[in-house]
Amino acid sequence: MKLRQKVIFLAITPLILALCAIAFAVRHQAITLAEQQRATIQQAYLASKEAELKHYVTLASHSIASLYGSGRKDAATQEEAKRILSALSYGDDGYFFIYDLQGKSLMHPRQPELVGQNLWELRDAEGNLTIQRLMQRAKSGGGFERYNWIKPSTNKSAPKLGYVILMPEWGWMMGTGIYMDDVDQALAKVDAQQSRNIRSTMELIAAIAILGSLLVAACGLVLNLRELRVADAKLKVLAQRVVESQEEERARLSRDLHDGISQWLVSIKLQIEAGIARLAGNAEQKDKAPATFERAAEQLNKVLGEVRRISHNLRPAILDDLGLAAALDHLVHEFNDSSSAQASFTASPAAAGEGLPDMVNTVLFRIAQEALTNCERHAHARGVEVSLHETGKAVELRIGDNGGGFDFDGIALHPQRGIGLRNMTERMEAIGGSLHITSSPAGTVVLARLALPSTH
């Protein structure tokens, strides 16, 4: 994947992920809100229907209260009560009905064909014993009961909410009911509207995501088309300058350490030695003072040796004097002196590396230096092989060890680790070469390769 493609991908991916998260959260909240709204509407509808039914039954009871409360149980009185109740109605399908305690229909103004029939064993479409359930509700003190009944206006079975009471003096069950299909229709409309709202919101978010992605991609393409070539050229020049500045800085530090700090430490050493010679005091002090100053002098000698070692590592003079092969051989000998692992160096041909540009020599030397340092610090290898191979077309530097290996992908992608690996890769890219690193439990191989011009 090219750089511009990576940039566009890294710009679009967070946008898409963010919008997907927003869409999921919005959809979840919308569904939750819709369910709560539906439950609230349903509860309000049912409460209003129940209050309406109870009110109708109360009015019906009051309309025949004088007859029922008279204590008369004759047929004429009961027929008058039936006549009054049959004349009461509300809405398109609101009416009152009367059954005796055995389930016989005594009054039904909308379905007179049922009057006189015993409907005790009547079952609705779901198999429920409708009249028995109503009778049980009335005998238990009266109240609401859900059941299915034929709706007179449509002549089809529909859910119904009934309210029944018991009139024990006459042996009646009186009640009424409201069909609930209008409630179901209202709730269905609410559900459909909520679904449309959720769908339109998701479509809006999807449209925003698509437009945003297209906009980012278009901007990225426009910018990259204009700046790609210039940026690549500038990047190569900058990388070259970085490498050159690094080497210049290393050379400067080498001079400063050798000509400045080293001379200063030598002066200190001479002063301490002079102090030992000139020390005056009692016999006990004289006996202790030389040992103290001698230890200080020894430490200073070690400091001097370390300073010279650092100076040498910063800019090995042998690289300029004898060439790359000799510098690598010297580096391997120094590695053997300071490390428990043993390294070997081979050059093919023996004059490999001669005539290469100073920058190439420096980069290859630094890569070998970094690789050997990694072997000593991290690989825990017992043996290391360093080889320099040159043909007319390319030069290859190979450093292989028998250590435990490492997770190259994990180290390379870690923001705070693998700095040395990235530096080696950048150094080779700066001079137009390539670096390949393979690692396994059997060991690690670092291969630096640079194609040479035909005139070399």
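The values are calculated or read from the model by the stated rules, or taken from the named source; none is laboratory data. The model shown is predicted, which means the values in this text are computed figures rather than measured ones. With ideal geometry, Cβ positions are generated from the backbone for all residues, glycine too; neighbour counts draw on all protein chains shown.
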Output for Cβ contacts, cut-off 8 Å, separation at least six or different chains, first residue over 20 Å from Leu88 (Cα atoms) in region 44-55, second modelled with pLDDT under 85, reads Tyr45/Val183; Tyr45/Ala186; Tyr45/Leu187; Leu46/Val183
Region 344-384, subset more than 20 Å from Leu319 (Cα to Cα) and in contact with a strand residue (DSSP E or B) (Cβ under 7 Å, 6 or more places away or on another chain), residue surrounded by the fewest Cβ atoms within 10 Å (Cβ to Cβ) | Gly383
How many residues does region 341-361 hold that are under 13 Å from Ala326 (Cα atoms) and either outside the structural domain of Arg377 (by TED's automatic domain parsing) or touching a residue at least 60 places away in the same chain (Cβ under 8 Å) (or both)?
-> 0
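Rundown of residues vs (1) outside any loop (DSSP other than H, G, I, E, B); (2) not hydrophobic (A, V, I, L, M, F, W, C), yes/no style:
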| position | (1), (2) |
| --- | --- |
| Thr32 | yes, yes |
| Gln36 | yes, yes |
| Ser48 | yes, yes |
| Glu52 | yes, yes |
| Tyr56 | yes, yes |
| Leu59 | yes, no |
| Lys82 | yes, yes |
| Ser86 | yes, yes |
| Gln102 | no, yes |
Out of the residues in region 328-361 that are within 22 Å of Gly392 (Cβ to Cβ) and part of a helix (DSSP H, G or I), state the one that is modelled with the highest pLDDT.
-> Leu328
What number of residues within region 158-196 satisfy the criterion of being farther than 24 Å from Leu88 by Cβ and not aliphatic (A, V, I, L, M)?
-> 8
Take the residues in region 89-122 that are at pLDDT below 90 and touching a Pro at 6+ places or on another chain (Cβ under 9 Å), then tell me which one is surrounded by the most Cβ atoms within 10 Å (Cβ to Cβ).
-> Asp93
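What about Ala125, is it within 60 Å of the chain's Cα centre (by Cα), of a type outside the set (Lys, Arg) and either in the same structural domain as Ser153 (by TED's automatic domain parsing) or surrounded by 15 or more Cβ atoms within 10 Å (Cβ to Cβ) (or both)? Don't jump to the end; show me each part of the working.
On the way: within 60 Å of the chain's Cα centre (by Cα): yes; of a type outside the set (Lys, Arg): yes; either in the same structural domain as Ser153 (by TED's automatic domain parsing) or surrounded by 15 or more Cβ atoms within 10 Å (Cβ to Cβ) (or both): yes.
Judged against the criteria, Ala125 is a match.
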Considering every residue within region 52-74, establish whether at least one is outside the structural domain of Thr154 (by TED's automatic domain parsing), among the hydrophobic types (A, V, I, L, M, F, W, C), farther than 22 Å from Phe144 by Cα and modelled with pLDDT of 85 or more.
-> yes
Residues within region 399-433 that are over 16 Å from Met359 (Cβ atoms) and modelled with pLDDT of 85 or more, tallied = 4
